[in-house]
Amino acid sequence: MTTRVLCTFAATYAGGTLRVMTDGLPQLARQPGIGLSFGDLYGREEVNSVFRSAGIAIAKVGVRGAPYTSVRRGMARRIDRVRAFPRHCLMAHGLKRAAQTADVLYVHTYKELLLAAWLRVPPTSAARVVWHCHGLDGVPPFCARLAGLCAGVIAISDTVAKSLRAIGVPGERIITLPNAIDVEHVVAAAGAAPLASLPAAGTAPVVLLPAASIRSDKGIHVLLQAARQVPALEVWITGDMKDPAAGEYPEQLLALSRSPELAGRVHFLGFRADLYSVMRSADIVCVPSVYREGFGLVAAEGMALGKPLIVSNRGALPDVVHQGDAGIIIDPDKTQDLTSALQKLITDSEYARRLGADAAAYARLNFSYEKWARGTAAVLKDAARL
């Protein structure tokens, strides 16, 4: 018996959620007993084409338009939200119509969860809803109530599962299924030559902070403050310096990097499509986020490459490094924590080597897409049988 699954997507940007879906859905589609289709709720061809090219059927569920409600502030933003209401009603109606041919509606964002509630409006749809919760930042007040309507809720880490229970989601509905990475792809891509030049190699070890964009929540300032006390260290930082949401943060970091203690040792590499090649060239990977990460894909990728990893104690990052068995956990509010971790990795090469080897073994065993796809398929099949 085949479980017909309609997977939707409605995020406004291509972040970690889309990365997991891009790599994971093709493997999910190959699971026995799963018939998978996909539809972007904003009708974006650039999103649908990614999954079409992977052989996944595309469902017509979207209402074309910009994937956001407003870019304005104040009263103008409220007006934009009112104007967007009819469009989202059409989107919900289209989703309900498409769900008539599915056994399970598989959603990922808060917006999809809200629109899926339309399936319970008479005449109700027979499709069950499974919500894959990728994090709990900015939780809407109705989130727990909507989650209670789901046949299953997948949490991407133990920390997310705990947070779901804390806001009132029934514990028996929650299944913890850690995010995955394509380990073989990461390792292969790391072996390619960098697409752009890297800072000239010296004798000092290199610590890399691999961000997609330069934002304060990534804790870049935490690393720079700690590196001031570790002179035998080069610092590489990736990420887009022109993120509109970053405000004056990039300029503040540049000023800090020119301080006497750091001058000449900090290198901003910009956004890197060849991030894995950059990682391979570094000695240490540092993810000192100051906000609660739902998972931390970049940390898992650094582990897959056998790099000794330092992460903050925020969100699910401790889960990723197995509570310290596969990486060092620091408090980003305590600069000395990170300073001490860097000094230990620099001065004890055997410890750094062993930590990297343990990290690689743990990533390969726990973060595979084969394991992820089997677990997701089991949740979807169980939901269809309810």
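The values are calculated or read from the model by the stated rules, or taken from the named source; none is laboratory data. Quantities reported herein were computed from a predicted structural model and do not represent experimental measurements. With ideal geometry, Cβ positions are generated from the backbone for all residues, glycine too; neighbour counts draw on all protein chains shown. The area values use the complete protein model at the heavy-atom level, side chains included, leaving out ligands, DNA and RNA. Shrake-Rupley method; radii C 1.70, N 1.55, O 1.52, S 1.80 Å.
Using only side-chain charges placed at the Cβ, +1 for Lys and Arg and -1 for Asp and Glu, the dipole size of the chain relative to its Cα centre rounds to 1660 debye. Across all C-alpha atoms in the range 60-167, the radius of gyration and Dmax reach 14.9, 41 Å. A viscosity of 1.306 mPa s and a temperature of 10 °C, combined with the Kirkwood radius over Cα pairs in Stokes-Einstein, give a translational diffusion coefficient for the range 136-270 of 87 µm²/s. Global size of the range 227-304: 13.5, 36 Å for Rg and Dmax (C-alpha atoms, Rg to one decimal, Dmax whole). Given R0 = 25 Å, the distance between the Cβ atoms of residue 229 and residue 258 translates into a calculated FRET efficiency of 0.90. Can you compute log10 of I(q)/I(0) for the range 340-386 with the Debye formula, treating each Cα as one identical point scatterer, at q = 0.18 Å⁻¹? Per q value, in the given order, log10 I(q)/I(0) is -0.65. Quick one: in the range 105-208, what % of C-alpha pairs are over 23 Å apart? Cα-Cα pairs in the range 105-208 separated by more than 23 Å: 46 percent. For the range 38-101, the spread of Cα positions along the three principal axes, ordered from largest to smallest, is 44, 25, 11 Å. The rule of thumb for compact globular proteins, 2.2 N^0.38 Å, goes into the C-alpha radius of gyration of the chain 1.04 times. Per q in 0.27 1/Å, what log10 I(q)/I(0) does a Debye calculation on the alpha-carbon atoms of the range 166-216 return? Log10 I(q)/I(0), no solvent term: -1.18. Each of the GluC sites (Glu not before Pro) that DSSP puts in a loop and that has at most 16 other Cβ atoms within 10 Å breaks the chain; the longest unbroken stretch is 1-247.
If you look at the Cα atoms of the range 297-342, you get an Rg and a Dmax of 10.0, 28 Å. In plain terms, the bigger the Kirkwood radius, the slower the diffusion; for the range 5-65, with that radius from Cα pairs, at 10 °C and 1.306 mPa s, Stokes-Einstein puts D at 137 µm²/s. Placing unit charges on the Cβ atoms of the charged side chains and taking the dipole of the range 109-258 about its Cα centre, the candidate lying farthest along the positive direction among 202, 118, 239 is 118. Dividing the convex hull volume of the alpha carbon atoms of the range 234-366 by its residue count gives 117 Å³ per residue. Its Cα gyration tensor gives the range 297-386 an equivalent ellipsoid. The semi-axes, each the square root of 5 times an eigenvalue, are 32, 16, 7 Å from largest down. In whole percent, and with a 1.4 Å probe on the protein chains, what portion of the accessible area of the chain is carbon and sulfur? Carbon-and-sulfur percentage of accessible area, whole number: 54.
What value, in deg cm²/dmol to 500, does the helix sum -39500 (n - 2.57) over DSSP H runs of n ≥ 4 give at 222 nm once divided by the residues of the chain? Computed ellipticity for the chain at 222 nm equals -12500 deg cm²/dmol. Other residues within the sphere of radius under 15 Å centred on the Cβ of residue 168, judged by their own Cβ, net out at +3 (K and R +1, D and E -1).
Per residue, the solvent-accessible area of the chain (1.4 Å probe, heavy atoms of protein chains only, all protein chains present) comes to 46 Å².
The residues 88, 108, 93, sorted by heavy-atom accessible surface at 1.4 Å with ligands and nucleic acids left out, run 93, 88, 108 from largest to smallest.
For the chain, the longest principal axis of the Cα atoms and the long axis of helix 349-366 meet at an angle of about 10 degrees. Between residue 268 and residue 348, the modelled labels are 3.5 nm apart [label points 7 Å from Cα along Cα→Cβ]. Other residues lying with their Cβ under 15 Å from the Cβ of residue 101 contribute a combined charge of +4, Lys and Arg counting +1, Asp and Glu -1. Counting 0.36 nm for each residue step from residue 185 to residue 52 and taking away their Cα separation leaves a gain of 45.8 nm.
Helix 335-347 against the longest principal axis of the chain: what's the angle in degrees, Cα atoms only, rounded to the nearest 10? Tilt of helix 335-347: around 70 degrees.
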